[in-house]
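What follows is a set of notes on a single structure, which appears directly below.
The values are calculated or read from the model by the stated rules, or taken from the named source; none is laboratory data. What you see is a predicted model, and the numbers here were worked out from it, not measured in a lab. Don't worry about glycine lacking a Cβ; one is built from the backbone with ideal geometry, like all the others, and counts go over all protein chains shown.
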Amino acid sequence: MSVMNILEAIRDALGTEMAADDRVILLGQDIGKFGGIFRATDGLYAQFGGERVIDMPLAEGAIIGSALGLALSGLRPVAEIQFLGFARQAFHQIVSQVARMRHRSRGRFAASMVIRAPFGGGVRTPELHSDAVECQFAQAQGLKVIAPSNPYDAKGMLLAAIRDPDPVLFCEPLHGYRSIKGDVPSSAYTVDFSKANVVRQGNDITLIGWSSAVNVALRAAEALATEGIEATVVDIRSLLPLDVGGIVAAVESTGRCVIVHEAPLTAGFGAEIAATLAREAFYSLQAPIERVTGPDAPYPLAGAEQMYLPGVDRVVAAARRTAQGQ
Amino acid sequence: MAKRRADTRNGVGDRALHHELLRTMLLQRRFEERCAEAYAVGKIGGFCHLYIGQEATGTGAISVLRDDDYVIGTYRDHAQAIARGIAPRAIMAELFGRIDGCSGGKGGSMHLFSREHNFLGGHGIVGGNIPLATGVAFAIKYRGGDQVCLCFFGEAAVNIGSFHESLNMAGLWKLPVIYVIENNRYGMGTALERASAINDIAERARAYDMPRSVVDGQDVLAVRQAVGEAVQRARTECVPTLIEARTYRFMGHSMSDAAAGTYRSKAELDEQLKRDPIALLRSRMQDKGEITDAEVTALDAEVRAQCEDAWQFADQSPEPPLEALYEDVLVDTTSDPELAPVAAGVPPTVAPIAAA
């Protein structure tokens, strides 16, 4: 057990699984000698060599497409895309090829592979480098879309993702890569990301988020506690599939809900959660479900990003309204 | 089928080889004629793209492979599946969307798969399969194997990014892959010269330091020769090749458009029909005394019977149950003990990080 940040936990998971399973190989731009754009793979090139930590040409579509070819051949590729916004260059391969392989071949071929990418803003990077587009992949049936919020989950969820028989898009919080720290066991444990994680218990309201929004929700919960409002905070961990039972139970226990995410409001994943709760937890709801999200606008330059991002103050204000609403 | 392919590979003589190639191409032709019929009567839904006229390209290329090599194709994949030895019954059942199809009735015309034959599709999006082939070749090299991957696509695909991304990787890393351009001159209805900055598209290999060749795609033996050399190079030296097979489709792009009259003239089509790849091989064999008229008639009857059998088989195979819609989307990992969560004591409390 040692204290790690999220990047270190990811690196630990990759190294752990590469040592245990020689089918696991890494692909990405500058992941080898350079150590990765955020150093997620730092040291792995030296440890495992250029044959397993492969510096790819700048070609997102073919990085994912060739990773699929590797997966169809029985290897376990883990591809890094430098920013999730860049994964749009590989959208066809991810959505039309990787996700569909099992279904269209009726299980004869499948893609056991992981695509890692940081997403979201908060570190003064501009648009494309800050876009939270995880929900754009959440309609890719056949794909799993997951997003850890803390170092323990980052390692355990990544190990589970690499071992998963299906393809996993592993969305990492760019904001929090280094700042969110916590205890991480040295063993090769896994985290069952199909289950939402209740990270804080409270009786008055339920805050739902994933990845770095979980930390925002936790800080909001602390602020709310000083006002006498006790919040449950749920980390859904996985967008696709969504743990419907988990979020319904967490909302039924309080009757009030605020959903937090960085992506724009319209057609964001919060809409899916809200609609699900409106149906499945209807008789428990005592106030309208609120969403605290990015605005319906492209990501701004650094000066405006704190206004753009769903911050603690906005979550607290929404939670207060919801907690008092009838 | 697979066994027979192996025999022809080991040089049992031209006559037997030519008979085998003729049989395969004739089977493809008759099979797809039945596909057209099945489409017309509604047995096949959606789209249906026929390979009629192009048989020599796929047949010649696949005929030089070993059983442990890989083939990956496009949406015009029926004939390649036949050449690879997938049973006509399983292919027709797949086209009919039936449970005994080679993709279980969930892939359809454009998505034929067979693990047993290392046949990795059938891909519906132009150019979408090229990176996969590159990855398969990458895996072969990673494992130190001597298989090759044969990747088909049409001439329109050479204008797509995935073509360039993939050929760059294959050229850079010297992967055992053979990219075969089935240049049938038209991307749907747009002629090559109206879509590509250069007409000799095999020249694009130069940009990726890759051997290239242009071959008469109507001449099955010429295709065998060209692909055979490329396969040998890939297998022994790990060098990729780009081959442009110049061919022609005698039908429309799919079953929903006319063979001629809009983007190409009837006169052009008639001229091309004179170079029917099956007739070319048959004539050559007849000239050499390798086949008699009676044998041709008997062979035709044999493959027609095989196609009728495939139709009957497909027609009697049930459709997948509606529940199958939800199957094979994701594996149920909760029921697999191998995938049970590996515990590591009590997980730490997730605490808010003030500075984050």
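Here is the figure for region A:71-93: residues that are within 19 Å of B:PHE163 (Cβ to Cβ), within 11 Å of chain B (Cβ to nearest Cβ) and out of contact with any Leu (no Cβ under 8 Å at 6 or more places or on another chain) total 3.
Restricting attention to region B:256-298, the residues that are within 17 Å of B:GLY53 (Cβ to Cβ) and either within 18 Å of the chain's Cα centre (by Cα) or assigned to a helix (DSSP H, G or I) (or both) total 15.
Out of curiosity, is A:ILE64 within 14 Å of chain B (Cβ to nearest Cβ) and within 18 Å of the chain's Cα centre (by Cα)? It is false that A:ILE64 is within 14 Å of chain B (Cβ to nearest Cβ) and within 18 Å of the chain's Cα centre (by Cα). When A:ARG108 is tested against (1) without any contact (Cβ under 8 Å) to a residue 40 or more places away in the chain; (2) crowded, with 24+ Cβ neighbours inside 10 Å, only condition (2) is not met.
Annotation: of all residues in region A:186-225 being more than 9 Å from chain B (Cβ to nearest Cβ), of a type in the set (Val, Ile, Thr) and closer than 17 Å to A:ALA147 by Cβ, the one that is surrounded by the most Cβ atoms within 10 Å (Cβ to Cβ) is A:ILE208. Taking each residue of region A:112-141 that is assigned by TED's automatic domain parsing to the domain that holds A:LEU174 and looking for partners that are in a strand (DSSP E or B) and among the aromatic types (Phe, Trp, Tyr) with beta-carbon atoms closer than 8 Å, six or more apart or interchain, yields A:VAL114/A:PHE170; A:ILE115/A:PHE170; A:ARG116/A:PHE170; A:ALA117/A:PHE170; A:ASP131/A:PHE119; A:ALA132/A:PHE119; A:VAL133/A:PHE119; A:GLU134/A:PHE119.
Check region B:47-64 and report whether any residue there is away from chain A (no Cβ under 14 Å) and either of a type in the set (Lys, Arg) or free of Cβ contacts under 8 Å to residues at least 40 places away in the same chain (or both). No. Do we find a residue being at pLDDT 95 or above, surrounded by fewer than 22 Cβ atoms within 10 Å (Cβ to Cβ), outside the structural domain of A:LEU158 (by TED's automatic domain parsing) and among the hydroxyl-bearing types (Ser, Thr, Tyr) anywhere in region A:289-298? No - not one qualifying residue is present in region A:289-298. Annotation: of all residues in region B:156-205 being outside any helix (DSSP H, G or I) and within 14 Å of another protein chain (Cβ to nearest Cβ), the one that is farthest from B:ASP146 (Cα to Cα) is B:ILE160.
When region A:158-185 is filtered for residues that are surrounded by fewer than 20 Cβ atoms within 10 Å (Cβ to Cβ), in a loop (DSSP other than H, G, I, E, B) and within 7 Å of chain B (Cβ to nearest Cβ), the ones remaining, listed by number, are A:PRO165, A:SER179, A:PRO185.
Yes/no matrix, rows are residues, columns are (1) buried (at least 16 other Cβ atoms within 10 Å of the Cβ); (2) over 29 Å from A:GLN141 (Cα atoms); (3) within 22 Å of the chain's Cα centre (by Cα):
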position	(1), (2), (3)
A:ILE236	yes, no, yes
A:GLY245	no, no, yes
A:THR254	yes, yes, no
A:ALA263	yes, no, yes
A:THR266	no, no, yes
A:ALA275	no, no, yes
A:PRO300	yes, yes, yes
A:ASP313	no, yes, no
A:ALA318	yes, yes, no
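Against the conditions (1) within 14 Å of chain A (Cβ to nearest Cβ); (2) among the hydrophobic types (A, V, I, L, M, F, W, C); (3) surrounded by fewer than 24 Cβ atoms within 10 Å (Cβ to Cβ); (4) within 20 Å of the chain's Cα centre (by Cα), B:ALA137 satisfies every one except (3). A residue that is within 19 Å of A:ILE6 (Cβ to Cβ), among the hydrophobic types (A, V, I, L, M, F, W, C) and touching a His at 6+ places or on another chain (Cβ under 8 Å) cannot be found anywhere in region A:133-150.
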